[in-house]
Structure formats: C-alpha cells, structure tokens
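Novice: Sharing a structure with you now.
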Amino acid sequence: MLHINEVKKMSGVSVRTLRYYDKIELLKPASKTQGGHRLYSNTELQKLQQIQFLKTIGFQLSEIKIMLESEEWDWSISLMKQLSYVMAEKDRLSKIEYNLRELINGIAIEGEEFRIQKIMSLYTRDSKEVLTYKQNELDIKNYDVLDRLPNMTSSDPDSLEWIALLGQLKKYIHLKYSDPRIQNIIKRMDEKRAENFGDEDAFLDKLWDIRMSPEESKKYNLYPIDQEVLDFMKNAYIHYMAKNS
C-alpha cells in the first residue's frame with residue numbers, strides 16, 4: 001500500500017486532487033490508516049493513470065467516471081465524438097488565433113490610437129475571406145496574386161514588412177510628402193509592389209480604387225485603414241513618381 005503523499009510523488013497528482021477524486025467517488029483509496037490517511041494499491045494507481053490519460057485527451061471527470069465504471073461502454077463511439085469535439089475546438093481556436101494576429105498587427109499600424117472600440121469592431125465583422133467577393137471583377141491575371149497580398153492575420157515576413165511600412169507612414173503623417181523619411185517609406189513600398197505584383201498593374205489599380213472607398217473596402221472585407229492615411233499615402237506616392245519620372 002502506498003500513502004497518499006507517495007502517490008503524489010509518483011504520479012504528479014496533488015494531494016488536493018486525490019482527495020477531490022475520493023470525494024466525487026472517481027478514485028476511492030483502497031483503505032485508510034488509523035489516522036485517516038488514504039492508502040492506494042496498484043489497482044488504484046492503474047486507475048489513476050487511466051483517469052489522467054482520459055483527461056489529457058479532453059474528457060471531463062463526470063464522463064471519465066461513467067466510462068471507467070461501465071463494462072458496456074462503447075469506446076469507439078465515445079472516442080469518435082471526442083475527436084469531432086477536438087476538431088471543432090481546433091477550428092474555433094484557429095479563428096481566435098487569426099483574430100489575435102490581426103489585432104496585434106493592427107496595433108503595429110494604428111499605434112496608440114488602437115483602442116478597445118476598434119478591437120471590438122474588427123472582432124465582430126464578417127468572417128468571409130479577404131477579396132473573395134466577385135473575384136472575376138478584379139482584373140486578375142494570375143489568381144496566385146491573392147496569396148501575395150499583405151495579410152493582417154499572417155506572420156510571414158512580407159506581410160509584416162507591409163504592416164510596418166504602413167505603421168511608419170501613419171507615425172510620420174505630420175510631415176510633408178517630400179520629407180525624406182516619407183519618401184523612403186514610399187520608395188520601399190514601390191519596390192515591394194514591383195517585387196510581388198509587377199505584372200498585375202490592372203489588378204492593383206482596381207484594388208486601390210476599392211481601398212480608397214470605405215464602402216467597397218468593407219464589401220471586400222479589407223482591413224479598415226483611416227482615410228487620412230490613405231490620402232496621405234496617395235499624395236506621397238504622386239510626389240514620389242513625379243520626382244522619379
């Protein structure tokens with residue numbers, strides 16, 4: 001027989017948890033000492049391992065109690081149901097992950113102006129995929145171009161650089177279009193445009209028209225960027241092109 005403290009050392013399960021298992025009659029000790037301390041045999045240790053394993057794969061204690069007590073329990077059906085639950089939970093957590101990435105990247109763009117109101121508006125907006133609305137109207141030559149667009153839910157280096165450049169532009173929006181810092185940002189944006197979308201001018205023109213319209217941006221589920229920032233970017237780019245033409 002093993003004292004409850006020895007079971008704790010062997011299993012990693014706390015004394016408090018073992019007492020709780022006893023209370024809910026999930027794992028009763030084999031016996032008790034004269035002083036009332038719980039004692040466990042190899043049978044209880046084996047059952048404790050089973051309980052911990054079933055907890056690991058997501059079953060609740062109430063379910064585990066029935067599963068281990070019933071000799072007619074259908075393990076196949078039970079495990080299939082648990083698998084379905086885990087897969088649904090995985091999808092739910094993936095959506096939360098994408099939302100968190102978008103919010104974190106949003107802070108990189110918005111800076112200190114990123115407040116709870118915007119967090120809530122982003123989290124509750126439609127979950128449809130970016131730019132899936134009427135793709136045939138976007139003048140796309142190669143639909144792989146959609147995978148090259150900056151994605152607010154992504155952690156890939158290209159997307160993060162676009163986000164950082166936009167954040168810098170917003171940070172220095174108080175400067176003139178001709179300021180070297182602004183023009184360097186626009187220059188890098190233009191370089192990235194050529195690197196990633198060199199043969200998609202018609203698509204980019206259409207995308208920019210959509211981006212400049214709050215209503216169209218919402219319809220295509222684009223990340224909402226302040227109109228002031230978009231107008232500043234447009235004018236800074238016009239200045240950049242005039243200077244380098």
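Novice: Tell me the mean residue ellipticity at 222 nm calculated for the chain from its helices only (DSSP H runs of n ≥ 4, each -39500 (n - 2.57), averaged over every residue, nearest 500).
Specialist: -20500 deg cm²/dmol
Novice: Here's a follow-up. Suppose the chain between ARG193 and MET1 were pulled fully straight at 0.36 nm per residue; how much longer would it get relative to their current alpha carbon spacing?
Specialist: Values: separation 192, 0.36 × 192 = 69.12 nm, distance 7.23 nm.
Between ARG193 and MET1, full extension yields an extra 61.9 nm.
Novice: Sorted by mean Cβ packing within 10 Å, highest first, what order do the peptides 159-171, 184-196, 49-61 take?
Specialist: Ranking, from highest mean packing down: 159-171, 184-196, 49-61.
Novice: May I pose another question? Just subtract the alpha-carbon distance of GLN46 and LEU93 from 0.36 nm times their residue separation and send over the number in nm, one decimal.
Specialist: Numbers: separation 47, 0.36 × 47 = 16.92 nm, distance 3.30 nm.
Result: 13.6 nm gained on full extension.
Novice: By average Cβ neighbour count within 10 Å, what is the ranking of 72-78, 105-111 from highest down? Before the final figure, lay out the partial values.
Specialist: Values: 72-78: 9.6, 105-111: 18.3.
So the order, starting with the most tightly packed, is 105-111, 72-78.
Novice: Something else now. Let me know the charge dipole size of region 9-105 about its Cα centre in debye, to the nearest 20, where only the beta-carbon of Lys, Arg (+1) and Asp, Glu (-1) is charged. Could the numbers behind the result be given before it?
Specialist: On the way: 15 positive and 12 negative charges, 111 e Å.
Charge dipole of region 9-105: 540 debye, to the nearest 20.
Novice: Suppose all protein chains stay in the model; what accessible area per residue would a 1.4 Å probe give for the chain, in Å²?
Specialist: I get 65 Å² per residue for the chain.
Novice: Same structure again: Of the options PRO157, PRO29, GLN52, report the single residue whose Cα projects farthest towards the positive end of the charge dipole of the chain (beta-carbon charges: Lys, Arg +1; Asp, Glu -1).
Specialist: PRO29
Novice: Okay, moving on. Output needed for region 1-119: three equivalent-ellipsoid semi-axes, defined as square roots of 5 times the C-alpha gyration tensor eigenvalues, in descending order, whole Å.
Specialist: Three semi-axes, in Å: 43, 21, 10.
Novice: Along Cα→Cβ, 7 Å out, is where each label goes; now give me the distance between the ones at TRP75 and PHE53 in nm to one decimal.
Specialist: 0.7 nm
Novice: Using the Cα centre as the reference, give the magnitude of the dipole from point charges on the C-beta atoms of region 137-203 (Lys, Arg: +1; Asp, Glu: -1; all else neutral), rounded to the nearest 20 debye.
Specialist: Around 620 debye, computed over region 137-203.
Novice: What is the Cα radius of gyration of region 1-60 over 2.2 N^0.38 Å, N being its residue count?
Specialist: 1.06
Novice: So if the hydrodynamic radius of region 148-245 is defined as the Kirkwood radius over C-alpha pairs, what does Stokes-Einstein give as its diffusion coefficient at 4 °C and 1.567 mPa s, in µm² per second?
Specialist: 92 µm²/s
The values are calculated or read from the model by the stated rules, or taken from the named source; none is laboratory data. Note that this is a predicted model, so its numbers are computed, not measured. Ideal geometry is used to build each Cβ from the backbone, glycine not excepted, and the neighbour counts take in all protein chains shown. For accessibility, only protein heavy atoms count, side chains too; no ligands or nucleic acids. Shrake-Rupley method; radii C 1.70, N 1.55, O 1.52, S 1.80 Å.
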